[in-house]
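Let me begin by presenting the structure, written as structure tokens, before commenting on it.
The values are calculated or read from the model by the stated rules, or taken from the named source; none is laboratory data. Note that the structure is a prediction, hence the values are computed from the model and not measured. Cβ atoms come from the backbone with ideal geometry, glycine included; neighbour counts cover every protein chain shown.
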Amino acid sequence: MFPEIIDTRPWRRAIDDSLNWVVRNWSDEFEAVAYPLLMLLNFIEDVLIATPWWLIMAILVGIAWLATRRWQLPVIVFVSLIFLGVMELWEDAMTTMALMIAATITAILFSIPLGVWMSRSARVRQVVTPLLDLMQTMPSFVYLIPTVMIFGPGKIPALIATIVYAAPPLVRLTDLGLRSVDPAVMEASRAFGTTPSQRLFGVQIPLSLPTILAGVNQTTMMALAMVVIASMIGAGGLGYQVLQGIGRLEVSRGLFAGLGIVVLAIIFDRITQSFGKQLQAKIGLAETR
């Protein structure tokens, strides 16, 4: 047993009392700030559920075709979506997809500007990098505690926890992509008298788009990885089916719902990767076949 050097109980009580004070005095303000996130999630979920299944299949298969211009990926997407329908997981899959899309959109809105800021300032990078390390390594159950205390069980804490977990890769890869642009190209753009904004939007971002899109891919995958944990606080969807399978010891329910999550991951992973390869080929960073 490690000897007790200091009494940590006062620290713990101070942290708990501080959070309780925040909940008592600021919970309404936090809910008002997070309300647009709930509206976004509900809107996407309502649209996906109300849209006919065949139309969603046609859209996703069409996107897969545009991403590859080959028949293999559209067939994989089509078979995967048929699996969701046959296994009676379609509505739960749309709920899970809505959570993933809402989290990814929100992460993009915050992560890309932060990554741009990091790429332009070494001091900002030094401050933000440890925070990103903390967000990626901290067990998700830990930051579920304050979000559930502030917002209560439901979709808002599930969405916030998913965003916190999924955003760091996009921030890092945006920063990496912008800093990896060839210095000779940047010097040539300066020689033409471009402003910093013109260099950012006309040179750096276009050349780093494959890396940024890889960050979007990782953010999407990590958002899907959170669906089971998010279901514990009211997110629903396929994660809730897995949770029910655990609670009822129904192997088939958990297995099929887990395969449904895998299916969604395969669909969005392959599509985003294919678009990234297209961009790489266009700007000469990858060999074209």
Identity of the residue in region 131-145, within 17 Å of Ala223 (Cβ to Cβ) and hydroxyl-bearing (Ser, Thr, Tyr), that ends up surrounded by the most Cβ atoms within 10 Å (Cβ to Cβ): Tyr143
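When you scan region 61-72, do you find a residue that is among the basic types (Lys, Arg) and either at negative phi or surrounded by 17 or more Cβ atoms within 10 Å (Cβ to Cβ) (or both), even just one?
Of region 61-72, the ones among the basic types (Lys, Arg) are 69-70.
Imposing the further condition that a residue be either at negative phi or surrounded by 17 or more Cβ atoms within 10 Å (Cβ to Cβ) (or both) reduces the set to 70.
Yes, that holds for at least one residue.
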Among (1) modelled with pLDDT of 85 or more; (2) among the hydroxyl-bearing types (Ser, Thr, Tyr); (3) farther than 16 Å from Ser231 by Cβ, Thr162 falls short only on (3)
Selection within region 1-44 - more than 20 Å from Pro153 (Cβ to Cβ) and among the hydroxyl-bearing types (Ser, Thr, Tyr): Thr8, Ser18
If you take the residues of region 177-204 that are among the hydrophobic types (A, V, I, L, M, F, W, C) and either within 15 Å of Ile108 (Cβ to Cβ) or in contact (Cβ under 8 Å) with a residue 40 or more places away in the chain (or both), which of them is surrounded by the most Cβ atoms within 10 Å (Cβ to Cβ)? Leu178
Looking at region 247-264, I want the residues that are within 13 Å of Thr96 (Cα to Cα) and in contact (Cβ under 8 Å) with a residue 60 or more places away in the chain and have a partner that is hydroxyl-bearing (Ser, Thr, Tyr) and surrounded by 14 or more Cβ atoms within 10 Å (Cβ to Cβ) with Cβ atoms under 9 Å, at least 6 apart or on another chain. Which pairs are those? Ala257/Tyr240; Gly260/Thr96; Ile261/Thr96; Val263/Ser80; Leu264/Ser80; Leu264/Thr96
Give, as residue ranges, the helices (runs of 4 or more DSSP H) completely inside region 101-195 that count at least 3 residues that are under 15 Å from the mean Cα position of the chain (by Cα). 122-137, 155-166, 168-179
Cβ contacts < 8 Å: first residue in contact (Cβ under 8 Å) with a residue 24 or more places away in the chain and closer than 13 Å to Thr147 by Cα, restricted to region 24-35; second residue surrounded by 14 or more Cβ atoms within 10 Å (Cβ to Cβ) and of a type in the set (Phe, Trp, Tyr), any location; separation 6+ or different chain. Result? Ser27/Phe151; Phe30/Phe151; Glu31/Phe151; Ala34/Phe151
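Which one of these is closer than 21 Å to Thr106 by Cα and touching a helix residue (DSSP H, G or I) at 6+ places or on another chain (Cβ under 9 Å): Val251, Val228, Val263? Outline the logic, then answer.
Values: Val251 fails: closer than 21 Å to Thr106 by Cα; Val263 fails: closer than 21 Å to Thr106 by Cα.
So the residue among Val251, Val228, Val263 that is closer than 21 Å to Thr106 by Cα and touching a helix residue (DSSP H, G or I) at 6+ places or on another chain (Cβ under 9 Å) is Val228.
Can you list the helices (runs of 4 or more DSSP H) lying wholly within region 205-282 that have 1 or more residues being more than 18 Å from the chain's Cα centre (by Cα) and surrounded by fewer than 20 Cβ atoms within 10 Å (Cβ to Cβ)? Show your work before the answer.
On the way: elements: 205-225, 227-231, 238-248, 251-282.
The helices (runs of 4 or more DSSP H) meeting that bar are 205-225, 238-248, 251-282.
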Would you please name the residue that is modelled with the lowest pLDDT, looking only at residues in region 12-59 that are in a helix (DSSP H, G or I) and among the hydroxyl-bearing types (Ser, Thr, Tyr)? Ser27
